[in-house]
Amino acid sequence: MIKAILIFNNHGKPRLSKFYEHYTEDTEQQIIRETFHLVSKRDENICNFLEGGLLIGGSDNKLIYRHYATLYFVFCVDSSESELGILDLIQVLVETLDKCFENVCELDLIFHVDKVHNILAEMVMGGMVLETNMSEIITQVEAQGKMEKSELCAFLSLCRPLSFSVPDRTGRHRLGSQGLRRVLCRP
Amino acid sequence: MALKIVKGSIDRMFDKNLQDLVRGIRNHKEDEAKYISTCIDEIKQELKQDNIAVKANAVCKLTYLQMLGYDVSWAAFNIVEVMSSSKFTYKRIGYLAASQCFHEGTDVIMLTTNQIRKDLSSPHQYDTGVALTGLSCFVTPDLARDLANDIMTLMSHTKPYIRKKAVLIMYKVFLKYPESLRPAFPRLKEKLEDPDPGVQSAAVNVICELARRNPKNYLSLAPLFFKLMTSSTNNWVLIKIIKLFGALTPLEPRLGKKLIEPLTNLIHSTSAMSLLYECVNTVIAVLISLSSGMPNHSASIQLCVQKLRILIEDSDQNLKYLGLLAMSKILKTHPKSVQSHKDLILQCLDDKDESIRLRALDLLYGMVSKKNLMEIVKKLMLHVDKAEGTTYRDELLTKIIDICSQSNYQYITNFEWYISILVELTRLEGTRHGHLIASQMLDVAIRVKAIRGFAVAQMATLLDNAHLLTGNTQRNGICEVLYAAAWICGEFSEHLEDPMQTLEAMLRPKVATLPGHIQAVYVQNAAKLFATVLRKHEGETDSHAAQETSQLLIDRLPLFVQSANLEVQERASCILQLVKYIQKLQQKKVEVAEEVTALFAGELNPVAPKAQKKVPVPEGLDLDAWINKPPSESESEDEKPKAVFAKEEPKHSRSRHTEVDEKELARRREARKREQANNPFYIKASPSSQKVYDAPGVEHIPVVQIDLSVPLKVPGMPMSDQYLKLEEERRQKEKAERKKEKKKKREKRGKERKADSGPESEEDIAPAHQVDIVTEEMPENALPSDDDDKDPNDPHKALDIDLDKPLADSEKLPVRTHRPEVLKSPAEDRVNESIPQETKKRSGKEKKEKKKGKEKDRKRSKEEKKKKKHKEVEEELLESHPEEAVQSEETKEAATPPTSTSAEASELDFWLCSAPVPPAAQEETAPSSAAAVDTSSAAAPESEPDEPKDAEPEDTKSSKHKKKKQKKEKEEKEKKKKKRHHHHHHHSNAGGEDSVQNGTVEEEEPLPPMSNYFLLAENSYIKMMKEDADQVYDIQGNHQDESKVVVSVIFENKSDSFLKSMEFNVLDSLNSKLQRPEGAGAHDSLTVPFQLPPGISNEAHFVFSVQSIVMPQKLKGTLTFIVKSDESSTHEKLDFKLHFTCTSYLITTPCYL
């Protein structure tokens, strides 16, 4: 089981938090902070697993994380998950984000956290891995996007078109450029 | 209307959307909180509007704010509103918000049930998908119960997208509503073979998650998973399955044997590291579960260790970490094969990555030997000095102590060295583990008698230099050590060279800054030291020294009398008065030393931590007996508010009472024992615990003698490093000596020598000290290991459900119904109705039966003796087959049909047996199969293979294995025969109550005791009961040819409605067929020749033809009928299973249902 998925940046600002068990908002923030402290201390070229009973229950749990450019992707999992499998899942997630956002960067995650949630929902459900095939994930995400658009078009036909201004993208660090590194064979 | 919408949407243009909110927050870095609070006010306004688009936008923003840590539960109702929007866009926003902030305590959740149900059955797959995703995050027990059935239907949805989500969410439903597991499980199992890989993977995922918590219930799925493992190419699925097998193998060693080969193949063939790693892990689990010493498995170990070495040597830190992790698992069972990689592991200790260092430390624990302990610890001590972070250093410290103290200090050859290590460790700054070092010091000093002198000297130095430890307030973790030091110095003060000086050190004013419990120990042990000093100076003509000591105490103790700590205060004032009194005596020149020493006389022995729990109840003491007459309830209420100190009173009355009523008590005890013996629910004490317990005296304390020839060496300085050199010198010397000996003895024990290979094996290193390690006191027959209780709050405990039991009718998932269900099935009614019927029948047959009964009894007692033997064998078998064991235990309570479960179990056996049978198992089977032959000599072996499996599709086994099967069929058959016999014995052994097992009876409803019919199946309308075996129907027809079995069934109408058009149908098997009227097809049903008014029961006979009487049969059947009430009539059906066991054929009882 995956207990939580956290994405935060190099300064510990949360970009996405998904807890598969209920915690109060305060505890959630505390977990994010604590996880950030644990993860940010670590050098780049040391292993991506962290043990230790965090606030999220029990010593059975592990933190498995990856660091891409400005973002940390952290999965908190229990012993039923394969460590290397989760590392690959993180890779799949980042690559999917990269495809869906066309060259993803931190700003995409900042301004479209809902969309990231929707993508994640196609991969992990209730703490269990739902789909690992990237093309399948993208198909479903795009199909839902289309549905949304068609609803929006129906709606917009009643009023003036909305301009979807994309926030300025100057000086952004592409995750894909240096971030996407394939360490392992995809299972 | 349209205008309103347009107006609303134009309004929306001016609202902030999520992007605006985010941008705004980023632009207000200084006053973020203030900005957000204004935003929340805006959101509150937006939520008040009618326009759903505005609301959805507001909820979307709230979701973002929730991530930032703002409580948004106040908007829960609005979220529900947005969830119920017909537009997918808004619905998704609503469900996302709900999944982020709803939980079991959210009260509006109950409003969502119908909305979710609607969405689940929506024609648009994404509506359903979104609802499932959301539900997976906030499902509550109520939602789970209400929606379980809807989700179960979705598991067979046409779209794989919905199927896989529905399958996954079932796990959450099971957790919240465990009752749904059994009804849903068959469908979940089907999904393992779903054509869509995603659905398959989801099903594997769910079952693995379930099985991980309660593996024994899923053992029967092993063949299916094995097939998946050999056929699947999806690495995610493979990893999950392989992990699952890792959890299953400890329960079934035969499974492990079967797995080794395919796993080894995978290890060789796969290129994915993750899969390789999991394979290695599971192979390790298999090897652990198998008894060691199997020659052909050393190759597997070698393969694992080899692959792990490759991982550890990899430059990728992740692989290195995992390699070490897996290595530590091998270490537990095969330390030798890991020890050869010591170099690699020591190398990892220098790794820059702390996680890797910690893993390597774990491994070191298992790698020490007498030979290398000092060397390894020296290396660790170096790391302790170098370590920067306190956590890592603390970890090192605990590891050093763990390593040294493991298995009762097995590897320590020189305790002086160990004490010096402990003393060196006290110099660590800011460690949290002072108490750990302290407890080690105490333990060693108490248990290793020979070391006390040395230990006391060291401790005295520690006490003298206490200011070094306590000087810094930050280091107070370490001052725990002083607790040990003070106690050791006091208790073993006879070893002190200068007790006076130590006494002085213990009474320094600085001591008052120590924590209370340490001060208390100081004061108490100061008194002990005082006694020693007095004794030392006794007899001396000049009593000046003794008097000086008394004066010292009298001067210093008042400081402790003023202590804020009660314990310190009490001890200090006590001892102060004592010393004052002694001083008086001293002035009168009275010799007091003897008496003062007597205060502290006697040896204190270490007591094992669990000793108290393990003390067996002495013979004759009955803890359940009432001490007083049980007080009436009103009395106890009155008594309660009485004073706290009144507790003593009942104690007095207790002793009197027991004396007076000794006889009466004995009588009652006898009665209770008898009652308990007859009560199947009472857990009887195992014979081992009934052994007579005689309290061990001091002479009974086991003392481990380590004999040795080398005398004690006391080096001047307690530096641990010196010991290393000394040790080496000593060993060299010994070696030289031994070489001489060897030459002499070589001829004598040529063979023995070969056994311990290596130039210097473990046994050769003798400890440097003559050491008695006193083991901790434990009551006899008690083992220090104790069963760890599982966490009672674990939600997975509720899912420990037997999945092989057939579904009872009551277990169906709740479905919304339009007509109220008739729920009138009180047990009493049935008793009243069935008894008169039965008595009628009985009276007719009673005479016959009496005769038969006697004969039977005689037979039975003979048989029972035989069976006892079998049972022993069976029990052994059951041990290796935990699932069955558990089930047979359960049958007593739950009255499940054992034949059905054992049929499944034997299927598993069959599958497992195609792997070579271990020699031990063969030995077991030999005698029993021989016994089986004579009873079943008439068996026609050709008809064997098609029998118990017909319930399950043959294709569960891969065709590859079919060939193997046929080859080994002969062996198997024998085995099966034996198995079956065990089952018979099982039934008949348990006698009367056991026969209930044959019907599917619900737990809550015990059968009327007089009945000779057994419940076959029932629902709220009808109850079907089977005839008991005692009533014999002759087998009609020819034994050789075709036998006929008559089954009589009683149908009882339990409802208020009229039951008609009852049709009885059974799915024929190859062996047994329901006899139908000529012209009817093989699948037609028989009409029951009567109708049932409310509350009436009637009996019908059905004839079955049986091909072979050597096979047990399990037939599935259904009864369909029409329920006719005043308003309506409905069509209902009831499923049941008929069981024909072999014994029923053999003893000319046609049917033993």
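The values are calculated or read from the model by the stated rules, or taken from the named source; none is laboratory data. Fair warning: this is a prediction, and the values are worked out from it, not measured in the lab. Here the Cβ positions follow ideal geometry from the backbone for every residue, glycine too, while neighbour counts run over all protein chains shown. Surface accessibility is based on the protein's heavy atoms, side chains included, excluding ligands, DNA and RNA. Shrake-Rupley method; radii C 1.70, N 1.55, O 1.52, S 1.80 Å.
Quick one: Cα centre-to-centre distance for the range B:322-363 and the range B:166-216, in angstrom? Each part's Cα centre sits 37 Å from the other's. Peptide B:614-624 is shielded by partner chain Cβ atoms: per residue, an average of 0 of them sit within 10 Å of its Cβ. Computed from the Cβ-Cβ distance with R0 of 35 Å, the FRET efficiency linking residue A:153 to residue B:28 stands at 0.55. Using the Karplus relation 6.51 cos²θ - 1.76 cosθ + 1.60 with θ = phi - 60°, the per-residue 3J(HN,Hα) values for the range B:72-85 come to 10, 5, 5, 9, 3, 5, 5, 4, 4, 4, 5, 4, 8, 5 Hz, with x marking Gly and Pro.
Compute the separation of the alpha-carbon centres of the range A:124-145 and the range B:529-594 and state it in Å as a whole number. With the range A:124-145 and the range B:529-594 each reduced to a Cα centre, they are spaced 81 Å.
Note on residue B:340 and residue B:667: the model spin-label points, each 7 Å out from Cα along the C-beta direction, lie 7.4 nm apart.
Less than 5 angstrom separates the built amide H of residue B:1075 from those of B:1103, B:1104, B:1105, all sequence-distant by 5 or more or on a different chain.
In this label model, residue A:44 and residue B:427 are separated by 3.9 nm, measuring between points 7 Å along each Cα→Cβ vector.
Of the residues A:104, A:49, A:134, the one whose Cα sits farthest towards the positive end of the charge dipole of the range A:1-146 is A:104 (charges of +1 on Lys and Arg Cβ, -1 on Asp and Glu Cβ, taken about the Cα centre). Whole Å is fine, so just give me how far the alpha carbon centre of the range B:232-248 lies from that of the range B:1065-1120. The two parts, judged by their Cα centres, are 43 Å apart.
Accessible area of the range B:228-290 with a 1.4 Å probe: how many percent of it is carbon plus sulfur? Looking at the range B:228-290 in its full context, I get 57 percent from C and S.
Taking amide H as placed 1.01 Å from N in the peptide plane, residue B:1015 has its amide H under 5 Å from the amide H of B:1026, each at least 5 places away in sequence or on another chain.
Based on Cβ point charges of +1 for Lys and Arg and -1 for Asp and Glu, what charge dipole magnitude is obtained for the range B:414-516 about its Cα centre, in debye rounded to the nearest 20?
My answer is approximately 300 debye.
About its Cα centre, the dipole of the range B:228-290 is roughly 100 debye, where the only charges are +1 on Lys and Arg Cβ and -1 on Asp and Glu Cβ. In the range B:1-101 the Cα-Cα distances spread across 5 Å bins starting at 0 as 2, 14, 25, 24, 19, 10, 4, 1, 0 percent of all pairs. Phi angles of the range B:87-95 translate, via the Karplus equation with coefficients 6.51, -1.76, 1.60 and θ = phi - 60°, into HN-Hα couplings of 7, 4, 3, 6, 4, 5, 4, x, 5 Hz per residue; Gly and Pro are given as x.
Figure the gain on full extension for residue B:800 and residue B:1129 (residue separation times 0.36 nm, minus the Cα-Cα span) and round it to one decimal in nm. Please report the intermediate quantities before stating the final value.
Values: separation 329, 0.36 × 329 = 118.44 nm, distance 3.92 nm.
So the chain would gain 114.5 nm between residue B:800 and residue B:1129.
Here the gap between residue B:382 and residue B:114, fully extended at 0.36 nm per residue and compared with their Cα-Cα distance, gives a gain of 89.8 nm.
Across the range A:140-150, rounded Karplus estimates of 3J(HN,Hα) from the backbone phi angles (6.51 cos²θ - 1.76 cosθ + 1.60, θ = phi - 60°) give 5, 5, 5, 4, 5, x, 4, 4, 4, 5, 5 Hz, Gly and Pro being marked x.
Using all pairs of distinct alpha-carbon atoms, the Kirkwood hydrodynamic radius of the range B:445-602 works out to 15.8 angstrom. A cut-off of 5 Å between modelled amide H atoms, ignoring neighbours fewer than 5 places along the same chain, links residue B:1140 with B:1113, B:1114, B:1115. The modelled label-to-label distance between residue B:390 and residue B:299, using points 7 Å beyond Cα along the C-beta direction, is 5.5 nm. The length gained on full extension between residue B:1063 and residue B:230, counted as 0.36 nm times the residue separation minus their Cα-Cα distance, comes to 295.4 nm. Under Stokes-Einstein, with the Kirkwood radius over Cα pairs as Rh, the value for the range B:114-198 at 25 °C and 0.890 mPa s is 195 µm²/s.
Using the average count of surrounding beta-carbon atoms within 10 Å as a protection proxy, the listed peptides B:440-449, B:167-176 rank, highest first, as B:167-176, B:440-449.
With only Lys, Arg, Asp and Glu charged, each at its Cβ (+1 for the first two, -1 for the last two), find how big the charge dipole of the range B:295-367 is about the Cα centre; round to the nearest 20 debye.
My answer is approximately 340 debye.
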